[in-house]
Amino acid sequence: MNEVKKEVEGMYKQFRLSEALKTIYSLIWDDFCSWYLEWVKPGFEQPIETNVYERTVDFFTELMQLLQPFMPFVTEEIYHQLKERSDDICVKQFSPGRETKRPVLLQAELLKQTISAIREARIKNNIKPKEVIKLHILSTDKQAFETIETILSKQVNAQTIDFVTAAVPDTITVVIGATKFFIETENVLDTSSQKEQLLKELDYQKGFLASVEKKLSNVRFVQNAKPEVVELEKRKKEGAQQKIKALEESLASLSG
C-alpha cells in the first residue's frame with residue numbers, strides 16, 4: 001500500500017494516469033484480493049479476529065480512496081457501506097504513504113513464491129486441494145520460513161511442516177532458489193514425471209546462467225553500466241548457480 005501510494009503520487013505529477021490506474025488495479029486485484037484476503041481468512045467456521053477484520057476494512061477504505069478519481073460513484077458507495085461515516089470520500093484528504101517495511105515485503109514475496117510453487121506441484125502430481133500433505137523444508141534460512149509457517153501451512157493444506165538437513169525419500173521435490181521443499185503424500189508418486197520437470201527447469205537455469213555470464217564477460221557492458229546494474233547481474237548469476245546445484249542434487253536423489 002505504501003509503495004503504491006508513493007508510485008501513484010509520482011505518476012500523477014507526470015500525468016501518467018493510465019499507468020497509475022494499472023498500478024492501483026494490480027494492488028487491489030493481485031495483492032489485496034488474490035493474496036491478502038486468502039491469508040487473513042479464518043479457518044472453516046471460525047470467526048475472524050476483531051483486529052484483523054478492522055485492519056482489513058481500513059485497507060479496503062484506503063484502496064477505495066486510491067481508486068476514487070477513476071471510479072467516483074462506486075467507490076463512494078462502497079466507502080459508506082464499509083462502516084457508518086459522516087464524511088464523503090470525494091472530499092477526504094489522501095493519507096500519505098508511510099515508510100515501507102522491506103523485511104515484511106520480502107516475507108510476503110517468499111510466501112507467494114512458495115505457495116505458488118507447491119500448488120503447481122500438487123496440480124502436476126494430481127494431489128487434490130483437499131488432500132493433506134506433509135511439508136519438509138531444507139533451507140539455510142530456517143528463520144525466514146518460521147515467520148510465515150502458519151500462513152504457509154494453511155495455504156498449501158499441510159498437516160505438518162518440519163525442517164530437515166537432508167533430502168527426504170519418496171517425496172515430491174520443489175526447488176525455489178537454494179531452498180528445497182519435499183512434499184510427502186499418500187499418493188503413488190510418478191518419479192519419471194518429477195525427473196522430467198526438474199530436467200526442464202535445469203535446462204532453463206543453465207541457459208539463463210549462460211546469458212548472464214555472457215553479459216558479465218562483456219568488458220564494454222561492465223565498464224559502461226551503472227555499478228548497481230552490474231551488481232544485479234552478479235546476484236542473478238549467484239542465484240542461478242545455487243538453483244542449478246539444488247536441482248542437480250534433487251535429480252541425483254531421484255536417480256538414487
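The values are calculated or read from the model by the stated rules, or taken from the named source; none is laboratory data. Predicted model only: the values in this text are computed from it and were never measured. Please note: Cβ atoms are built from the backbone with ideal geometry, for glycine as well, and neighbour counts cover all protein chains shown.
Yes/no matrix, rows are residues, columns are (1) under 20 Å from K245 (Cα atoms); (2) modelled with pLDDT of 90 or more:
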| site | (1), (2) |
| --- | --- |
| S95 | no, no |
| I115 | no, yes |
| V132 | no, yes |
| L138 | yes, yes |
| I151 | no, yes |
| T160 | no, yes |
Index of the failed condition, T140 passing every other in (1) under 21 Å from W39 (Cβ atoms); (2) among the hydroxyl-bearing types (S, T, Y); (3) in contact with a strand residue (DSSP E or B) (Cβ under 9 Å, 6 or more places away or on another chain): (1)
Only one of S211, S250 is small (G, A, S), modelled with pLDDT of 85 or more and in a helix (DSSP H, G or I). Can you tell me which? S211
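In the list R85, R102, which residue meets the criterion of being among the basic types (K, R) and farther than 22 Å from Q242 by Cβ?
On inspection, the qualifying residue turns out to be R85.
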Single residue of K134, K130, K112 found to be over 30 Å from T56 (Cβ atoms) and outside the structural domain of V57 (by TED's automatic domain parsing): K134
Residue, nearest to S139 (Cα to Cα), within the stretch 214-247, restricted to residues that are among the charged types (D, E, K, R) and surrounded by 15 or more Cβ atoms within 10 Å (Cβ to Cβ): K243
F181 being under 24 Å from A117 (Cα atoms), not in a helix (DSSP H, G or I) and not basic (K, R): yes
Do we have any residue at all in the stretch 85-99 that's under 30 Å from L152 (Cα atoms) and free of Cβ contacts under 8 Å to residues at least 60 places away in the same chain? no
Those residues that are among the hydroxyl-bearing types (S, T, Y) and in a loop (DSSP other than H, G, I, E, B), I need them from the stretch 70-88; list them, please. S86
For the stretch 151-177, which positions are more than 22 Å from E196 (Cβ to Cβ), touching a strand residue (DSSP E or B) at 6+ places or on another chain (Cβ under 9 Å) and of a type outside the set (D, E, K, R)? L152, S153, V156, N157, A158, Q159, T160, I161, F163, V164, T165, A166
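Have a look at V174, V168 and point out the one that is aliphatic (A, V, I, L, M), farther than 15 Å from Q107 by Cα, touching a Phe, Trp or Tyr at 6+ places or on another chain (Cβ under 7 Å) and not in a loop (DSSP other than H, G, I, E, B).
Among V174, V168, only V174 is aliphatic (A, V, I, L, M), farther than 15 Å from Q107 by Cα, touching a Phe, Trp or Tyr at 6+ places or on another chain (Cβ under 7 Å) and not in a loop (DSSP other than H, G, I, E, B).
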